[in-house]
Amino acid sequence: MNKELVALSLAFFSSSHAFNLISFDGKPTKWGNSRINYIVDSRGSPDFSNGCDSDGPCETERTAIQKAFASWANVPGVNLTFGENRPQAISSTGYDGQNSITFVSENWGGLSFRPPAGALAVTITTYRLSDSQIVDADMHFNNQYFTWGVVNTASEQKSSRVVDIQNVAAHEIGHFLGLGHSSENYAESDMSLYLATMFFASGPGETFRRTLRADDIAAIQHLYPSSYVVTPVVDSIYPDEIDARTTGSATITIDGNYFLDKTTVLVARKSSKGDVVAKIINRTEHSLEVELSTYGLGTGDYDIIVANSPSAQDRIDKALAVTSYYTDDEDTGEYGNLNSGNGGGCVANPNSPQSLAQFILMFGLPFILFFPGRLQGVILRVRTQRNNYKKYN
Ligand SMILES: [Zn+2]
């Protein structure tokens, strides 16, 4: 039985999900408009000539990217449309009001956000601290270390070289829209997370992640609902105190009402590191069992946010106390800066466009090499809070 069949049968036994959102202080990053425009660099990929890759029927880079956007826009119950601006040569990216898609064929490591050679592609989103609204997103395909194409022949599928644009674009568009990874575990045993488009790793010849899975669909329906969503109600949380020293993860039970398949639970850290998204491992309409990583939480009181959509959420302040004999106050200064609105790198001056306190999130989709019985690769998930975009050629 192949892995796809395993996933289909598992789906009948599991209603849990683990979709991750990029969020800050309980507010998921998302676009404010339902219509989002993007532009593809007119130079495209050097692996294409006259709109064709080197093998099989012709399909342009732009068409592959259009199909990837369509897979997100076509999810039922989602209010999103995408428009493509006429291609032109793109010489710089960053917070410039233009959502650019480029194939970087030289000086990949010299990009301002310093992606490693092994990252297939990187999407940078810029969002406002005040309301987590995404104001710019740019997608960069690594064309220095990888060969790009439209995988539509058997030889391309078996290739250890050709990476499918639509497959990777579908993943990067998830980041573009505010999603994180379904899992960052190479040995992920939950096939619904492993096969999801938002799984953190991919490789040459792969095309099955062109198609969104239930976990991806729940995430996008949560972020961009097309109709009214009922607001959850939280009655109690147990335990309300965990010891960060005892384990790398904690399981918490939340009782209340109106918990849905697309419900998400956030632990608001109130730091530049963003929130912790708890994985829902069991759900009924009245109860959620969630698992969260305590790594890096630090001691303190955290708010718990249970949400059916960004606009339908119940927030319990200081619901979770994390204790430890060891103090961890690394977040304190950042939080102070953010709240006071002066000093430091994360400050917003609402009157200046440059100062929309950008938090630049960088997600690399790591290259994963498949060997018989063995996996290896590089995890990349880097965040920086600077606004130092540079031009590249
Ligand atoms: Zn990714």
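The values are calculated or read from the model by the stated rules, or taken from the named source; none is laboratory data. Computed from a predicted structure; not experimentally measured. Methodologically, a virtual Cβ is constructed for each residue, glycine included, from the backbone with ideal geometry; neighbour enumeration extends over all protein chains shown. The protein model used for the area step is the full one, side chains on, heavy atoms only, and it has no ligands, DNA or RNA in it. Shrake-Rupley method; radii C 1.70, N 1.55, O 1.52, S 1.80 Å.
Quick one: would you say SER249 is modelled with pLDDT under 90, at negative phi, buried (at least 21 other Cβ atoms within 10 Å of the Cβ) and of a type in the set (Gly, Ala, Ser)? Don't jump to the end; show me each part of the working.
Working: modelled with pLDDT under 90: yes; at negative phi: yes; buried (at least 21 other Cβ atoms within 10 Å of the Cβ): no; of a type in the set (Gly, Ala, Ser): yes.
For SER249, the condition - modelled with pLDDT under 90, at negative phi, buried (at least 21 other Cβ atoms within 10 Å of the Cβ) and of a type in the set (Gly, Ala, Ser) - is not met.
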Scan of the stretch 174-201 for residues that are assigned to a loop (DSSP other than H, G, I, E, B) and either of a type in the set (Phe, Trp, Tyr) or within 13 Å of the ligand (Cβ to nearest atom) (or both), ordered by number: LEU177, GLY178, GLY180, HIS181, SER182, GLU184, TYR186, ALA196, THR197, MET198, PHE200, ALA201
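Conditions tested, residue by residue: (1) at pLDDT 90 or above; (2) open to solvent by less than 30 Å² (accessible area, probe 1.4 Å).
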site: GLY51; (1), (2): yes, yes
site: SER54; (1), (2): yes, no
site: PRO57; (1), (2): yes, no
site: PHE82; (1), (2): yes, no
site: ALA89; (1), (2): yes, no
site: GLY97; (1), (2): no, no
site: LEU120; (1), (2): yes, yes
site: SER130; (1), (2): no, no
- prompt: Are any residues in the stretch 60-77 within 12 Å of VAL150 (Cα to Cα) and open to solvent by 40 Å² or more (accessible area, probe 1.4 Å), and if so, which ones?
  reply: THR60, ARG62, THR63, LYS67
- prompt: Which is closer than 30 Å to TYR224 by Cβ, modelled with pLDDT of 90 or more and under 23 Å from the mean Cα position of the chain (by Cα), of SER272, SER287, SER293, SER309?
  reply: SER309
field: The lone exception for PRO116 - which of (1) modelled with pLDDT under 95; (2) open to solvent by 10 Å² or more (accessible area, probe 1.4 Å); (3) more than 16 Å from the ligand (Cβ to nearest atom) it fails
entry: (3)
statement: Exactly one of ASP215, ASP255 is closer than 29 Å to SER34 by Cβ, in contact with a His (Cβ under 7 Å, 6 or more places away or on another chain), outside any loop (DSSP other than H, G, I, E, B) and charged (D, E, K, R), and that residue is ASP215
- prompt: Could we say that ILE242 is over 27 Å from SER34 (Cβ atoms), away from the ligand (no atom under 16 Å from the Cβ) and open to solvent by less than 10 Å² (accessible area, probe 1.4 Å) here?
  reply: no
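Among PRO232, PRO204, PRO225, which is the only one that is open to solvent by 10 Å² or more (accessible area, probe 1.4 Å), modelled with pLDDT of 95 or more and more than 16 Å from the ligand (Cβ to nearest atom)? Even if it seems obvious, please write down each step before you answer.
Numbers: PRO232 fails: open to solvent by 10 Å² or more (accessible area, probe 1.4 Å); PRO204 fails: modelled with pLDDT of 95 or more.
Selected residue: PRO225, the only one of PRO232, PRO204, PRO225 that is open to solvent by 10 Å² or more (accessible area, probe 1.4 Å), modelled with pLDDT of 95 or more and more than 16 Å from the ligand (Cβ to nearest atom).
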- line: Residue hits (the stretch 18-35; assigned to a loop (DSSP other than H, G, I, E, B) and open to solvent by less than 20 Å² (accessible area, probe 1.4 Å)) are ALA18, PHE19, ILE22, GLY26, THR29
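Across the stretch 36-49, what is the total count of residues that are among the hydroxyl-bearing types (Ser, Thr, Tyr) and either surrounded by 20 or more Cβ atoms within 10 Å (Cβ to Cβ) or modelled with pLDDT under 95 (or both)?
2
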- request: State whether one or more residues within the stretch 164-179 are out of contact with any Phe, Trp or Tyr (no Cβ under 8 Å at 6 or more places or on another chain) and open to solvent by 10 Å² or more (accessible area, probe 1.4 Å).
  value: yes
